[in-house]
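Enquirer: After the structure tokens below, expect a handful of questions from me.
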Amino acid sequence: MGRSRAAALAATVAAAACVVLVAFLVAIAASWGTAAYAAVALALGAAPLALGWFLVRAGATRVGTLLTWMGVVPTVVAATDLWGEVAATQPGRLWVTGLAVGAVPMLWVLLYAAPAMLVLHFPDGRLPGPGWRWAPRVLLGVVLLLVVLGAVSPDDYPAPFTAVPRFPLAFAPELAWLHGTLAVLCLLTLLGMLVVTAAALVVRRRRTTDPVVRAQLRWMSLAGWTLPLTLLLCWTSYLLLDGPDLVAIGLVLMWLALPLTTWIAILHHDLYDVDRVRTVAATVTAATSAALLIWTIATVATGALLGGERPILVALVTAALVLVALPLRRRLAHALERRLYARRAAVREALDALLADVQAGAALPEQLEAVLRTALGAPELQVGYVLPDTAGLWDVAGWPMDESSIGPEVGSSDDLLPIRVGTREVARLTGLGHADRAVLVGLEGRVALVAELARLRIGVTTALRETEESRRRLQDVGYAERRRLAQNLHDGAQQRLVSLGLNLRVAQRHLGPGDTSTNELIDAAVAELGTAVSELRQLAHGIRPACLDDGLGPALAPLTQSGPVPVTVNVTVGSVPDSVAATAYYVVMEAVTNALKHADASLVTVHVEQREDRLAVLVADDGRGGADARGHGWAGVRDRVTAASGVFDLTSPPKRGTRLEVLLPCG
Amino acid sequence: MRVIIGEDSALFREGLAGLLVDAGHEVVAKAADATALEEAVNSVACDIVIIDVRMPPDLVDDGARAARRLRMRHPGLGILLLSQHIETRHSVELVATGGFGYLLKDRVLDVGDFLDSLDQVASGGSVLDPEVVSRLLSASDGNDPVTRLTTREREVLALMAQGRTNAGIAKQLWLTPRTVETHVSNVMAKLGLGESEDDHRRVLAVLAHLRSQART
């Protein structure tokens, strides 16, 4: 068995022995007061003992052992105290010596020394550095010295031990001044050592970069400062109340808090977010201290102004002032958070700022992802939105997110956090770094507000986009259908008509020379057929002009010879989809016709060019302008452009010409 | 004349065959797709082939491509292309090689003209549908010397491009041959083209000019 384990075992044995002794003494004393005191003391000793064994078995043997030895102390103190009490109430029952009478009251020092040893060696069971070897020596030395000073005290023993023979080595009354000075020095040294042990935590934190150790130290810092503060509380209590009554609070707090924080820090430091605990503890402490301060001031003030004690008035005044100061609590909490948990404060403030900006219209809710990334310092963070009536997660641009990298929501892993409004999940944060999740706990409400806004906007965007796409599909299908229809009509019907004409012509050739009327009839019939064929051709042309086979440029080229008004045509396009080319063709034709008929222009320019994924069609003239974009004359063009999901823009200031710009998507 | 017809529509094919036979020609073979057509032309002797531009199997421009291949194999063969649409893509190039004709399908209803064109192509001339010519003429831009022609001269130019002889032009426009000759020389001079006795070469020159103008 290791040395530490052996030591822990020894501590347990010692504690057990003391417990037996205490039980024996309680039995002898047979009073409820002693029983209650014994119970409290044993409870205070049981906690460190049990937790110490937990740690030893978990592998943190050195710290665990220190904790077990800490558990022995309350039992020893209880035993000696009860011994003295029993000896006082039932004289002659127990053995008493002067040494004991002098030394035992000083054993309270152990109540500070034992926890101090623990804190000094936290968290790995070793001192902060080789230069710290003096610290435990001084601490133990002070304890020993104080106990010895107690034993050699020149004062008379208090009743009922006045009859006990004095310890032979006690100081002579003439050296009481020396004794007193030494005692004060030792006490001050003790206070100093307690401050040093608390400072050891700070020194350790400065020296280490391991995040686990830092977290553990932060946990311990919650409880470590209780050491010197409790001692001070004891002396303050003596000052104010002439008795150490107040110190009981401090001791109980210290003796419960220290083992507990040790245990949490060593074994479960990431079970709770220590920074949040610290913030909450600091806020509660500050708020309580403030309330206490108000009560104290109220007491003193009413006492000074009104004389005498007026507890009800004091209570009312305190209550009123506390109510007034209540709103400050939130400010206080935020200020403390900024100091102790800066990261969370930054995220909270960034979210509040974003919410305020969104409500003021200065920011978009979609900026949530960027804001969280900056505030958390987590560049991998992604916000996936849940859209109504659709499965899966969507990103801020309205595209589905790759789900393979996202785990299931239930039993969530460390790097994702669901955001809910009520019970509905509205978004999910993924790609969270270490400890980011802990920072966001409690802030999900703010995130949810922004996320809800964003996802509804995204829903609208997605729906619009889908509508556009289905409209485009419909339009393409419609165009293909019409084209097929025209083709069938044209080919089928035209063939038939021409064949019919041929047959008529053949028949005509067999007419006799005298059959002039029949001849004319057939001529007329064939002429009608020719017209019908020509109309069919125009019909097909109206759906898709055959000249487009040569390309948009050659198809539009004949416009330059349209008549007295010069028309310049400039076409630079690569390959465009057929439906887009057809739309562009008709747009140009109608626009030029309008210009030639109504504009009274001296020059018409046509310019068609391809820009990235759009086809730009410009028709401009220098005529009299004043064209009404919403009028009948442009309805056909507008309809075609809208059907092609394009943009129609007509500028026609009076006397300054007309300019039509049409953008057609051809991606 | 011995004629081979390549046309996928049975109705039109039979109607055309009927007309040709009635006019005294001999239809030696009829084909419904490009492959069958080429086989027929390669195996049976004929003077002229009438081809629909759009034929199976691709139904885009199989006829035109088949025409090119046939031309390479049978340099002296007359080829007349029939098309449903006015387009300049196939027409101008092919016609420029001589012994080629290009007409719209409904042009066959003008039976007299159609039969004349047939004869012209079979004897090595060129024929271009008037609609196509007018499209070509209108496709030229402002810098074209064609704009400097008078109306009459433009009409003469159009008929020249269609492949008509001076006599044919005179008859069409109700002019005397002398007037026609004068117009022709003016046109050729204004376009910067050399005089030529040969009708066919004349057509080629005009077509070449129009083509180059249409391209710019």
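The values are calculated or read from the model by the stated rules, or taken from the named source; none is laboratory data. Please read all numbers here as calculations on a predicted model, not as lab measurements. No Cβ is skipped: glycine too gets one built from the backbone with ideal geometry, and neighbour counts run over all protein chains shown.
Enquirer: Quick check: is even one residue across segment A:480-495 crowded, with 17+ Cβ neighbours inside 10 Å, in contact with a helix residue (DSSP H, G or I) (Cβ under 7 Å, 6 or more places away or on another chain), more than 9 Å from every other protein chain (Cβ to nearest Cβ) and part of a helix (DSSP H, G or I)?
Expert: Of segment A:480-495, the ones crowded, with 17+ Cβ neighbours inside 10 Å are A:486, A:490-491, A:494-495.
From what's left, in contact with a helix residue (DSSP H, G or I) (Cβ under 7 Å, 6 or more places away or on another chain): A:486, A:490, A:494-495.
The next check asks that each one be more than 9 Å from every other protein chain (Cβ to nearest Cβ); those that pass are A:486.
Remaining after also requiring part of a helix (DSSP H, G or I): A:486.
Within segment A:480-495 (the criterion being crowded, with 17+ Cβ neighbours inside 10 Å, in contact with a helix residue (DSSP H, G or I) (Cβ under 7 Å, 6 or more places away or on another chain), more than 9 Å from every other protein chain (Cβ to nearest Cβ) and part of a helix (DSSP H, G or I)), the answer is yes, since at least one residue qualifies.
Enquirer: Tally up the residues in segment A:106-128 that are of a type outside the set (A, V, I, L, M, F, W, C), on the phi < 0 side of the Ramachandran plot and surrounded by fewer than 18 Cβ atoms within 10 Å (Cβ to Cβ), please. I'd like the intermediate steps shown before the answer.
Expert: Narrowing segment A:106-128 to residues of a type outside the set (A, V, I, L, M, F, W, C): A:112, A:115, A:121, A:123-126, A:128.
Pick out the ones that are also on the phi < 0 side of the Ramachandran plot and you get A:112, A:115, A:121, A:123-124, A:126, A:128.
Filter once more, so that each one left must be surrounded by fewer than 18 Cβ atoms within 10 Å (Cβ to Cβ): A:124, A:126.
Number of matching residues: 2.
Enquirer: In segment B:169-195, what residues are touching a helix residue (DSSP H, G or I) at 6+ places or on another chain (Cβ under 8 Å), surrounded by fewer than 19 Cβ atoms within 10 Å (Cβ to Cβ) and either of a type in the set (A, V, I, L, M) or at pLDDT 85 or above (or both)? Working first, answer last.
Expert: We begin by selecting, within segment B:169-195, every residue touching a helix residue (DSSP H, G or I) at 6+ places or on another chain (Cβ under 8 Å); these are B:169-170, B:172-173, B:175-177, B:179-181, B:183-184, B:186-188, B:190-195.
Those left that are additionally surrounded by fewer than 19 Cβ atoms within 10 Å (Cβ to Cβ): B:172-173, B:175-177, B:179, B:181, B:186, B:190, B:192-195.
If the condition is that a residue be touching a helix residue (DSSP H, G or I) at 6+ places or on another chain (Cβ under 8 Å), surrounded by fewer than 19 Cβ atoms within 10 Å (Cβ to Cβ) and either of a type in the set (A, V, I, L, M) or at pLDDT 85 or above (or both), then B:L173, B:L175, B:T176, B:P177, B:T179, B:E181, B:L193 are the ones that fit.
Enquirer: Can you tell me how many residues in segment A:627-651 are without any contact (Cβ under 8 Å) to a residue 12 or more places away in the chain, exposed (fewer than 15 other Cβ atoms within 10 Å of the Cβ) and in contact with a Lys or Arg (Cβ under 9 Å, 6 or more places away or on another chain)?
Expert: 2
Enquirer: With respect to B:V53, is the statement that it is within 14 Å of chain A (Cβ to nearest Cβ) and either modelled with pLDDT of 90 or more or within 27 Å of A:N488 (Cα to Cα) (or both) true? Don't jump to the end; show me each part of the working.
Expert: On the way: within 14 Å of chain A (Cβ to nearest Cβ): yes; either modelled with pLDDT of 90 or more or within 27 Å of A:N488 (Cα to Cα) (or both): yes.
Judged against the criteria, B:V53 is a match.
Yes/no matrix, rows are residues, columns are (1) surrounded by 17 or more Cβ atoms within 10 Å (Cβ to Cβ); (2) in contact with a Lys or Arg (Cβ under 8 Å, 6 or more places away or on another chain); (3) modelled with pLDDT of 85 or more:
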site	(1), (2), (3)
A:A151	yes, no, no
A:D155	no, no, no
A:F167	yes, no, no
A:A170	yes, no, no
A:L175	no, no, no
A:G192	no, no, yes
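Enquirer: Filter segment A:508-556 for residues that are of a type in the set (K, R) and touching a residue at least 40 places away in the same chain (Cβ under 8 Å); which is surrounded by the most Cβ atoms within 10 Å (Cβ to Cβ)? Please lay out each step first, then the result.
Expert: Filtering segment A:508-556 down to residues of a type in the set (K, R) leaves A:509, A:537, A:544.
With the extra rule that they be touching a residue at least 40 places away in the same chain (Cβ under 8 Å), the set shrinks to A:537, A:544.
Working: A:R537: 18, A:R544: 21.
Across segment A:508-556, the extreme among qualifying residues is A:R544.
Enquirer: Further question: Check every one of the helices (runs of 4 or more DSSP H) wholly within segment A:44-139 and list those with 3 or more residues that are within 38 Å of the chain's Cα centre (by Cα).
Expert: Values: elements: A:61-89, A:98-103, A:108-120.
Where helices (runs of 4 or more DSSP H) fall fully within segment A:44-139 and carry at least 3 residues being within 38 Å of the chain's Cα centre (by Cα), they are A:61-89, A:108-120.
Enquirer: Residue by residue through segment B:10-23, note down the ones that are within 7 Å of another protein chain (Cβ to nearest Cβ) and either surrounded by 21 or more Cβ atoms within 10 Å (Cβ to Cβ) or touching a Cys at 6+ places or on another chain (Cβ under 6 Å) (or both). Lay out the reasoning, then the answer.
Expert: So the first thing to find is which residues in segment B:10-23 are within 7 Å of another protein chain (Cβ to nearest Cβ), and the list is B:11-12, B:15-16, B:18-19, B:22.
Selection gives B:F12, B:G15, B:L16, B:L19.
Enquirer: Within segment A:30-47, can one find any residue that is crowded, with 19+ Cβ neighbours inside 10 Å, touching a residue at least 60 places away in the same chain (Cβ under 8 Å) and in contact with a Ser or Thr (Cβ under 7 Å, 6 or more places away or on another chain)?
Expert: No, that holds for no residue.
Enquirer: Hey, can you tell me all the residues within segment A:542-555 that are more than 13 Å from A:V576 (Cβ to Cβ), more than 9 Å from chain B (Cβ to nearest Cβ) and in a helix (DSSP H, G or I)?
Expert: A:G542, A:I543
Enquirer: Okay, moving on. I'd like the residue in segment B:93-134 that is in contact with a Ser or Thr (Cβ under 9 Å, 6 or more places away or on another chain) and within 22 Å of A:H510 (Cα to Cα) and, out of all such residues, is surrounded by the fewest Cβ atoms within 10 Å (Cβ to Cβ).
Expert: Restricting to residues being in contact with a Ser or Thr (Cβ under 9 Å, 6 or more places away or on another chain) and within 22 Å of A:H510 (Cα to Cα), the top hit is B:R107.
Enquirer: Can you pull out every residue in segment A:522-541 that is facing chain B (nearest Cβ under 9 Å) and in contact with a His (Cβ under 9 Å, 6 or more places away or on another chain)? Lay out the reasoning, then the answer.
Expert: Taking segment A:522-541 and keeping what is facing chain B (nearest Cβ under 9 Å), we get A:526-527, A:529-530, A:533-534, A:537, A:540-541.
Residues satisfying the conditions are A:R537, A:A540, A:H541.
Enquirer: Identify the single condition in (1) in a strand (DSSP E or B); (2) in contact with a Leu (Cβ under 7 Å, 6 or more places away or on another chain); (3) more than 10 Å from every other protein chain (Cβ to nearest Cβ) that A:V569 does not satisfy, given that it satisfies every other one.
Expert: For A:V569, the failing item is (3).
Enquirer: So, in segment A:129-149, how many residues would count as being surrounded by 16 or more Cβ atoms within 10 Å (Cβ to Cβ) and farther than 16 Å from A:M193 by Cα?
Expert: Qualifying residue count, segment A:129-149: 3.
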